[in-house]
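Notes follow the structure.
Where a number appears in this text, it was derived from the coordinates with a stated rule and is not lab data. Remember, it's a predicted structure, so these values are computed and weren't measured experimentally. With ideal geometry, Cβ positions are generated from the backbone for all residues, glycine too; neighbour counts draw on all protein chains shown.
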Amino acid sequence: MEYYQYIKSFHLIFVITWFAGLFYIPRLFVYQIEAYHKPSPDKEILGKQLKLMAKRLWFIITWPSAILATLFAIWLLILQPYWLQQPWMQVKLAFIVLLIIYHLKTHQYYKQLQNDVVKKSSSFMRIWNEGATFILFAVIFLVVLKSAINWIWGVVGIIILGVFIMLGFKIYKNIRDKNPEA
């Protein structure tokens, strides 16, 4: 099973690139939404460029990485099926289901924005941008600690991080309201 480590390496590489896409695409959504509210010709010029950037990120990096990370994960579980009996792995897989749901919902937002349908605010997308971060924290704690109990401390940390992020958003919004160029 010397190739197990290669499969694991590819799995990790594609997990990282998948998360990179999930971290960046909502940021592009923020810019798209803000561009949508600008006057012409800025609206059209920025909108066209941001749509292209989002399309390339989503279909060249994010979707292929999600698929490949999943395929390599399945391969790893086929080679080491006893992992499925571990409580921490079961909790991790629940978070992976949440990640897939997050990815699919993000795809809905992507399609809406590609069609100039703006249903969410840029503030919402800034908060949405943190969804993948929370899932990543939980999964990393589970994998490193290999404990279905100790991950709770990681989640407590995530909640505290979330509170600080929300406070940061509020402070940043106040600064932007006072100085739109910030």
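Could you list log10 I(q)/I(0) for the chain at q = 0.11, 0.18 Å⁻¹, which the Debye formula gives when each Cα is one point scatterer?
The Debye formula, applied to the Cα set alone, gives -0.58, -1.21.
Defining a contact as two alpha carbons under 8 Å apart and six or more residues distant in sequence, what relative contact order in percent does the chain show? If you can, show how the numbers build up before the last one.
On the way: 149 pairs, mean separation 50.8, N = 182.
It comes to 28 percent, rounded to a whole number.
Need one number: nm distance between label points at Ala20 and Gln5, each 7 Å from Cα along Cα→Cβ, rounded to one decimal.
Rounded to a tenth, the inter-label distance reads 2.4 nm.
Just in segment 1-79: which GluC sites (Glu not before Pro) are loop by DSSP and have at most 11 other Cβ atoms within 10 Å?
On the way: sites: Glu2, Glu34, Glu44; in loops: Glu2.
When the GluC sites (Glu not before Pro) of segment 1-79 are filtered for loop state and at most 11 Cβ neighbours within 10 Å, Glu2 remain.
Filter the trypsin sites (Lys or Arg not before Pro) in segment 87-123 to those in DSSP coil with at most 10 other Cβ atoms within 10 Å of their Cβ, and list the result.
Values: sites: Lys92, Lys105, Lys111, Lys119, Lys120; in loops: Lys119, Lys120.
The qualifying sites are Lys119.
For the chain, what does -39500 (n - 2.57) per DSSP helix run (n ≥ 4), summed and divided by total residues, give at 222 nm, in deg cm²/dmol to the nearest 500?
Numbers: 7 runs with 143 residues, N = 182.
The helix-only estimate for the chain comes to -27000 deg cm²/dmol at 222 nm.
Taking the number of other C-beta atoms within 10 Å as the exposure measure, put Lys55, Lys178 in order starting with the fewest.
On the way: Lys55 13, Lys178 8.
Ascending Cβ contact count within 10 Å gives the list Lys178, Lys55.
In nm, to one decimal, how far is the Ile159 label point from the Trp63 one, both placed 7 Å along Cα→Cβ?
Going from the Ile159 label point to the Trp63 one covers 3.8 nm.
Let me check against my output: what whole-number percent is the relative contact order of segment 1-78, with C-alpha pairs under 8 Å and at least 6 apart? Walk me through the intermediate numbers first.
Working: 60 pairs, mean separation 40.9, N = 78.
Normalised by residue count, the contact order of segment 1-78 is 52 percent.
Could you run the Karplus curve 6.51 cos²θ - 1.76 cosθ + 1.60 with θ = phi - 60° over segment 83-98 and give me ³J(HN,Hα) per residue in whole Hz, x for Gly and Pro?
Each residue of segment 83-98 in turn: 4, 5, 8, 7, x, 5, 5, 5, 5, 4, 5, 5, 5, 5, 4, 4 Hz.
By how many nm would the segment from Ser121 to Ile13 lengthen if fully extended, with 0.36 nm per residue of separation less the alpha-carbon distance?
Values: separation 108, 0.36 × 108 = 38.88 nm, distance 3.22 nm.
Contour length minus Cα-Cα distance gives 35.7 nm.
Name the residue, out of Val144, Val117, Val91, whose mean-square fluctuation peaks in a Gaussian network model built on the chain with Cα pairs under 10 Å.
Ranking Val144, Val117, Val91 by mean-square fluctuation puts Val144 first.
Nearest 10 degrees, 0 to 90: what angle lies between the long axis of helix 4-36 and the longest principal axis of the chain (Cα atoms)?
Here the helix axis deviates by roughly 20 degrees.
Calculate, in nm to one decimal, what Lys105 and His37 gain on full extension: separation in residues at 0.36 nm each, minus their alpha carbon distance. List each step's numbers first, then the result.
On the way: separation 68, 0.36 × 68 = 24.48 nm, distance 2.30 nm.
Result for the pair: 22.2 nm of gain on full extension.
Can you pull the one-decimal nm distance between simple spin-label points at Gln80 and Val97, each 7 Å off the Cα toward Cβ?
Calculated label separation equals 2.3 nm.
Hey, what angle do you get for helix 63-79 against the long axis of the chain, alpha-carbon based, 0 to 90 degrees rounded to 10?
Helix 63-79 sits at roughly 10 degrees to that axis.
Below 19 Å, Cα to Cα, which aspartates and glutamates can Lys92 reach? Residues fewer than 8 away in the same chain don't count.
The qualifying aspartates and glutamates are Glu130.
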